[in-house]
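The values are calculated or read from the model by the stated rules, or taken from the named source; none is laboratory data. Because the structure is a prediction, the values reported are computed rather than measured. With ideal geometry, Cβ positions are generated from the backbone for all residues, glycine too; neighbour counts draw on all protein chains shown. Side chains are part of the model used for accessible areas, which takes the heavy atoms of the whole protein and leaves out ligands, DNA and RNA. Shrake-Rupley method; radii C 1.70, N 1.55, O 1.52, S 1.80 Å.
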There are 4 protein chains.
Amino acid sequence: MPIVMDAAALTDFLRAEFPQVATDYEVAAVTEDELVVRLVVADRHLRPGGTVSGPTMFALADVGVYLAILSRIGPKALAVTTNCSIDFMNKPAAGRDLFSRTRILKLGRVLAVGDVLLYSDGQAAPVARASLTYSIPPDAS
Amino acid sequence: MPIVMDAAALTDFLRAEFPQVATDYEVAAVTEDELVVRLVVADRHLRPGGTVSGPTMFALADVGVYLAILSRIGPKALAVTTNCSIDFMNKPAAGRDLFSRTRILKLGRVLAVGDVLLYSDGQAAPVARASLTYSIPPDAS
Amino acid sequence: MPIVMDAAALTDFLRAEFPQVATDYEVAAVTEDELVVRLVVADRHLRPGGTVSGPTMFALADVGVYLAILSRIGPKALAVTTNCSIDFMNKPAAGRDLFSRTRILKLGRVLAVGDVLLYSDGQAAPVARASLTYSIPPDAS
Amino acid sequence: MPIVMDAAALTDFLRAEFPQVATDYEVAAVTEDELVVRLVVADRHLRPGGTVSGPTMFALADVGVYLAILSRIGPKALAVTTNCSIDFMNKPAAGRDLFSRTRILKLGRVLAVGDVLLYSDGQAAPVARASLTYSIPPDAS
């Protein structure tokens, strides 16, 4: 499916619609195969010991799939997450940004499914994996 | 399994170990059947429209299972979340606190499983359900 | 939501539509709170050691949620499973039937969510928990 | 992690340990990147309309991750599935075999996580995705 919103368009959309969190994220790459988002890690994302918190990793996975869907269907969508399954596999490295790499596995009329791997900057093994389902409202199709 | 930490002990533990988020939560009830946590909803938990964000609901489910495990094994545990599956079923009501009601379904030597329903204060239908697995490190048993 | 198909109607439906597997299951109870299905365990459901296989437990959870949805929306539904998250918590007892106890947590226009606990007959602790999402096609509503 | 059991060794293991189901599966490829299993679809795997049943797809995902773990840790393992999250995305084609393609994302001391895509033979879009966690007993490491 062709890309209809590029990194700049997605960044503008995020800033306009989700100003509270938009500065946390940088859309690093948007292709037909995957969308990459960088989380600029700050103190508010950390747990004692300097590791990134679980809710922060969930949020990064969620925003990755959301933006990957929008990159294909455009900014008019009020898509909402209906399900997420996430596995926390390794502790993120302290003091490092986090990346999400998202693939869209299904983009149906009412449901979309995306698959995410999360990485600490500079490490080969993923710290988490997640899969998310979004419900796409009728007026968005 | 008997309760070894009550609401006051869990609240003290949360404040000592997770000062960044402890004031968000109130341990409302701890019994052998369930543990109830209230999220005191503030602006930082909201999305446009006044609804509670997905990561905030994830965090509430996570803290509910964490505290329910500690209520049974005590404060020495470095338990970590290894898996979460969460279904977002209804939009939380704007301007209302959120509750998590957690049941521990398994408390094994190395893995514990908890089940959570999230409710908007004053509404009968749950807004989300989640199940989480925690890994309990050997030195905690 | 009122019950529109009782245990006898659900059993008839299962036999007509899914003759390959219908004799495995007995609809034991249908109320507004939960639906109980008994799996009549046979050799084909077992793994070495006499324990019930994972796919058999998945199937029992799946049929439980399916029948619980039909009990509320009637036999015309071509509902399909879109997601399942299942936790295997304890080995089923050898030589015992298995029960599923299903609650419907959401019954929306396009998506339904059910929650299941599986028990070995005669044991207090559940052997597995599962949550499933069904997609309900437009012509079924 | 190096491969310690190849396709022939895994096939022999399956036939010895799981004779009830071993003939359903063919280990098609084992590399460090992925393990591919073919399900030889037979009548007992089908639902009305000729499509492969959900429990059959679950079983194929499960056996894929199991064999991928064994390919790395050897045949002595009594590894058991503790969690599975599966998304059914498209109906399998009638009359076609099914493939699972498994990647091991984590192989820890006590937990392993694998990621699976299921395909109908000859189709580009996956019919399902799944992620599974296995618990590896101490005597297996």
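Numbers at a glance
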| read-out | value |
| --- | --- |
| Shortest-first nm distances, A:Glu17 label point to equivalent points in other copies (7 Å, Cα→Cβ) | 3.5, 3.7, 4.7 |
| Cα point-scatterer Debye curve for the protein assembly as shown, base-10 log of I(q)/I(0) at q = 0.06, 0.13 Å⁻¹ | -0.28, -1.51 |
| Rounded to 10°, Cα long-axis angle of helix B:54-73 versus longest principal axis of chain B | 30 |
| C-alpha center-to-center spacing [segment B:75-141, segment A:109-139] in angstrom | 21 |
| Charge sum, other residues only, whose C-beta stays under 14 Å from A:Leu35's C-beta, Lys/Arg counted +1 and Asp/Glu -1 | -3 |
| Partners for B:Lys106 among lysines (Cα-Cα distance below 28 Å; same-chain residues under 8 apart left out) | A:Lys91, B:Lys76, C:Lys91, C:Lys106, D:Lys76, D:Lys106 |
| Helix D:7-17 vs. chain D, principal-axis angle (Cα, 0 to 90°, nearest 10) | 90 |
| Distances in nm from C:Pro48 to the matching label points in the other copies, shortest first (labels 7 Å along Cα to Cβ) | 3.9, 4.6, 5.9 |
| Rg over Rh [alpha-carbon atoms, Kirkwood Rh] for segment D:61-141 | 1.04 |
| Of D:Gly108, D:Gly54, D:Thr11, farthest towards positive along the dipole that unit charges on Lys, Arg, Asp, Glu beta carbons give chain D | D:Gly54 |
| Largest to smallest principal axis extent of the C-alpha atoms in chain C, angstrom | 45, 27, 23 |
| Positive minus negative residues near C:Ser85 (Lys, Arg vs Asp, Glu; Cβ under 13 Å) | -4 |
| Neighbouring partner chain Cβ atoms per residue of C:107-116, average, 10 Å criterion | 4 |
| Closest approach to the C/B rotation axis among chain C Cβ atoms, residue and whole-Å value | C:Ser85, 2 |
| Carbon and sulfur %, accessible surface of the protein assembly as shown computed with the full protein complex present, 1.4 Å | 53 |
| 10 Å Cβ neighbours from other chains, averaged over peptide B:87-93 | 6 |
| For B:Pro137, inter-copy label distances in nm, listed shortest first [label point 7 Å out on the Cα-Cβ vector] | 2.6, 4.5, 5.2 |
| Mean-position separation - Cα centroids, segment D:22-66 and segment B:1-36, in angstrom | 45 |
| Inter-site label distance for B:Val4 and C:Lys91 at 7 Å from Cα along Cβ, in nm | 2.7 |
